[in-house]
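S.K.: Let me begin by handing over the structure; questions about it come next.
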Amino acid sequence: QVQLVESGGGLVQPGGSLRLSCAASGFIFSNYVMNWYRQAPGQERELVATISSGGTITRYADSVKGRFTISRDNAKYTVYLQMNSLKREDTAVYFCNANAAHWGKGTLVTVSS
């Protein structure tokens with residue numbers, strides 16, 4: 001019954017911004033570490049960002065540090081990924097993950113001019 005639904009992906013030019021959302025249901029959201037992963041075409045899945053259950057501790061992949069921000073609203077059962085200064089290398093399907101065990105279907109982000 002755990003469900004994670006990503007949204008907010010799309011086409012953006014290099015240097016632009018997007019905000020991804022992940023709506024969760026079927027579990028006590030505030031007890032879970034939440035993560036964003038991504039998978040670029042022909043590449044392996046990569047952990048992009050993680051956030052503690054209370055939202056006070058965050059960690060990022062070196063490739064996105066300083067450009068991406070993960071946040072969460074436990075009352076809304078939602079986790080976000082704000083992506084700024086996007087690069088072509090950020091093009092990927094972005095997946096929401098709960099407690100390293102549950103996955104959404106992903107949302108495609110394409111960075112291209």
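The values are calculated or read from the model by the stated rules, or taken from the named source; none is laboratory data. A quick note: this is a predicted structure, and the numbers were derived from the prediction, not measured. A quick note on method: Cβ atoms are made from the backbone with ideal geometry, for glycine too, and the neighbour counts reach across all protein chains shown. Just the protein is used for accessible areas: all its heavy atoms, side chains included, with ligands, DNA and RNA removed. Shrake-Rupley method; radii C 1.70, N 1.55, O 1.52, S 1.80 Å.
S.K.: Compute the length gained on full extension between ALA75 and SER30: take 0.36 nm times their separation in residues and subtract their Cα-Cα distance, giving the result in nm to one decimal.
M.R.: 15.4 nm
S.K.: Lysines within cross-link reach of LYS65: Cα-Cα under 19 Å, excluding same-chain residues under 8 positions apart?
M.R.: LYS87
S.K.: So if R0 is 35 Å, what FRET efficiency would LEU11 and ILE57 give, r being the distance between their Cβ atoms, rounded to the nearest 0.05?
M.R.: 0.60
S.K.: Under 1.5 on a/c is rounded, so check that first for segment 8-59, then, if it is not, pick prolate when a/b is larger than b/c and oblate when it is not; a ≥ b ≥ c are the square roots of the alpha carbon gyration tensor eigenvalues.
M.R.: prolate
S.K.: Moving on to the next point. Tell me the accessible surface of TYR60 in square angstrom (1.4 angstrom probe, heavy atoms of protein chains only), to the nearest ten.
M.R.: 50
S.K.: Same structure, new question: Please report the carbon-and-sulfur percent of the accessible area for the chain; probe 1.4 Å, protein heavy atoms only, DNA, RNA and ligands left out.
M.R.: Carbon with sulfur: 46 percent of the solvent-accessible area.
S.K.: Moving on to the next point. Return one whole number: the accessible area per residue of segment 23-113 in Å², for a 1.4 Å probe.
M.R.: 52
S.K.: While we're here: Taking segment 51-113 on its own, what percent of its Cα-Cα pair distances exceed 18 Å?
M.R.: Beyond 18 Å sits 41 percent of the P(r) for segment 51-113.
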